[in-house]
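Asker: What follows is a single structure, and I will ask about it in a moment.
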Amino acid sequence: MSRIRRPLPARGYSLLEVLITMFVIAIGLLGLVGLQARALTAEVEAAARGQALMLVNDMADRMEANLNSVKNPSGSATYDQQSGGTKTVFGTAYTNACVTNNASSLSNQALCCKTTAQGGTKNSVAESDLCEWDLALKGIGETTGGAGKVGAMANARGCVFLQAASVYQIDVVWQGRDNTGAVASDLTCGSTAITSRRRGVSRRIYVADLDG
């Protein structure tokens, strides 16, 4: 005698369970998007800081290769770009005659820094170094395909000056992506131009007069 099988109860997910699952997955995806955005910001910040350190060290290397000008800061061929407490701020917004006179040609701008001073005469080594450093701060290392410079940090600026007797300070500042932290209180280069998300690195060069 055969038995009569009862139909099994219906199985599956209710609409409520599906909605809850979709909600949990959506929250997880939003968290992943936020994490990715933070990772991208951290990557950009790290790249900018690395580039700023290279620019600081570039000027330091130039000065160490031209010790005669470094040891004579009062001469005409000087790296000290501070007068009466006011620092010359190179980079973004600095008016460089080599750029103004060769607006459409990056190669001519670079050549100008090597051969022509701001006043139209031949450069000293120090003046040439400062002119080329200004171009690097403006981003000449990477271009848009024309004369546009995009190879520097956002709002990059730099200063070179005598911080004390026989002590030079090289500052590079830029605008970061987040409002995190503050630069050292003595790093005032570009402080009036960059008032938010300001970043900065600096290096000091101590000059020993071994001939004295």
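Computed from the coordinates by the stated procedures, all read-outs in this text should not be read as laboratory data. For clarity, every value in this text was computed on a predicted model and none was experimentally measured. Counting neighbours? That spans all protein chains shown, and the Cβs are built from the backbone with ideal geometry, glycine included.
Asker: Trypsin sites (Lys or Arg not before Pro), restricted to the range 43-134: which are DSSP loop and have at most 13 other Cβ atoms within 10 Å?
Answerer: In loop regions of the range 43-134 (DSSP not H, G, I, E or B), the sparsely surrounded trypsin sites (Lys or Arg not before Pro) are 122.
Asker: For residue 161, which sequence-distant residues (separation of 5 or more, or a different chain) have an amide H within less than 5 Å of its own amide H, given hydrogens modelled in the peptide plane?
Answerer: Long-range HN contacts for residue 161: 81, 169.
Asker: Choose one answer from 34, 151, 50: the residue with the largest mean-square fluctuation in a GNM of the chain with alpha-carbon springs under 10 Å.
Answerer: 34
Asker: Exposed loop chymotrypsin sites (Phe, Trp or Tyr not before Pro) only (DSSP loop, at most 16 other Cβ atoms within 10 Å): please give the longest stretch of the chain free of them, not including the sites.
Answerer: 95-212
Asker: In nm, to one decimal, how far is the modelled label at residue 197 from the one at residue 77, with both set 7 Å along Cα→Cβ?
Answerer: Between residue 197 and residue 77, the label points sit 4.2 nm apart.
Asker: When 134, 171, 178 are ordered from fewest to most other Cβ atoms inside 10 Å of their Cβ, what list results?
Answerer: Arranged by neighbour count, lowest to highest, 134, 171, 178 become 178, 134, 171.
Asker: Provide 205, 140, 170 in ascending order of the number of other Cβ atoms located within 10 Å of each residue's Cβ, fewest first.
Answerer: 205, 140, 170
Asker: Between residue 124 and residue 103, what FRET efficiency follows from the Cβ-Cβ distance if R0 is 30 Å, with the result rounded to 0.05?
Answerer: The computed FRET efficiency comes out at 0.75.
Asker: Another one. Can you work out the Karplus-derived ³J(HN,Hα) for every residue in the range 43-59? Use 6.51 cos²θ - 1.76 cosθ + 1.60 with θ = phi - 60°, whole Hz, and x for glycine or proline.
Answerer: 5, 5, 4, 5, 5, 5, 5, x, 5, 4, 5, 5, 5, 4, 5, 4, 5
Asker: Now, a different point. Loop-only check: which GluC sites (Glu not before Pro) in the range 75-165 are DSSP coil with at most 11 other Cβ within 10 angstrom?
Answerer: When the GluC sites (Glu not before Pro) of the range 75-165 are filtered for loop state and at most 11 Cβ neighbours within 10 Å, 142 remain.
Asker: With n ≥ 4 as the cut-off for DSSP H runs, can you work out [θ] at 222 nm for the chain, using -39500 (n - 2.57) per run divided by the number of residues, rounded to the nearest 500?
Answerer: Rounded to the nearest 500, the figure is -13000 deg cm²/dmol.
Asker: In nm, to one decimal, how far is the residue 16 label point from the residue 93 one, both placed 7 Å along Cα→Cβ?
Answerer: For the pair residue 16/residue 93, the computed spacing is 6.1 nm.
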